[in-house]
Amino acid sequence: MKIYTRTGDQGSTGLFGGGRVAKCDLRICACGALDELNAMLGAARSMGVSPRIDDILKLLQNRMFDLGAELASPQARDRGTQFLQEADVAELESFIDSLEETLPELKAFILPGGSQATSFLHIARSVCRRAEREMVALAQTAELRDTLIKYVNRASDLLFVLARTANAEAKIDDVPWEKRK
């Protein structure tokens, strides 16, 4: 199989199950944001995170592929690509709750940064938020299950907590926002 097909040379791309749309279609923008998120998760993993964080990031990478498969399938239920369920959202909430138990209470907004891994996790969180916005925009014009938006919302929360955890593991304090007076 060749990596290039030339079918997208005019600015369109194929959807799973057939049909073509413009590469700037809201569905493709949402898929692209998830692809960027997945790449950023991989970059964060390469920064020497702990095995606990790495396992969670690897799971998130796989779930982003699951999510992308559904987004790329206009008739996802008929195509068998509705992989994410409410239990997956609950799993992320469980990770958040477990990790937060090990962190100092958050009493102020914090600035992104700290260790290299933390910085990449904060970038991943911001890309995740953009993916969520793209999905919300898509949901205005196309059928999109609520579970998908919930999942991405929880994933961004989890990435924030993972960033704080990476700093804590590196013995680096979070940097509070110094509000202008």
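Brief remarks on what is shown
- All conditions but one from (1) assigned to a loop (DSSP other than H, G, I, E, B); (2) in contact with a Phe, Trp or Tyr (Cβ under 7 Å, 6 or more places away or on another chain); (3) under 26 Å from K171 (Cα atoms) apply to I56; the one that does not is (1).
- So S46, is it without any contact (Cβ under 8 Å) to a residue 12 or more places away in the chain, of a type outside the set (A, V, I, L, M, F, W, C), farther than 19 Å from Q85 by Cβ and out of contact with any strand residue (DSSP E or B) (no Cβ under 6 Å at 6 or more places or on another chain): yes
- Residue selected from segment 65-91 under the condition in contact with an Asp or Glu (Cβ under 8 Å, 6 or more places away or on another chain) and in a helix (DSSP H, G or I), by the criterion surrounded by the most Cβ atoms within 10 Å (Cβ to Cβ): G68
- Condition met for D157 (in contact with a Leu (Cβ under 8 Å, 6 or more places away or on another chain), modelled with pLDDT of 95 or more and surrounded by fewer than 21 Cβ atoms within 10 Å (Cβ to Cβ)): yes
- Selection within segment 44-64 - farther than 16 Å from V161 by Cα, surrounded by 15 or more Cβ atoms within 10 Å (Cβ to Cβ) and more than 10 Å from the chain's Cα centre (by Cα): M47
- Search result, residues across segment 77-109 that are aliphatic (A, V, I, L, M) and in contact (Cβ under 8 Å) with a residue 40 or more places away in the chain: L84, V89, L92, I96, L99, L103, L106, A108
- Residues in segment 1-43 that are among the polar types (S, T, N, Q), surrounded by 13 or more Cβ atoms within 10 Å (Cβ to Cβ) and at pLDDT 75 or above: N38 alone.
The values are calculated or read from the model by the stated rules, or taken from the named source; none is laboratory data. Keep in mind it's a predicted model, so treat the numbers as computed, not measured. All Cβ positions, even for glycine, are placed from backbone atoms using ideal geometry, and neighbour counts span all protein chains on display.
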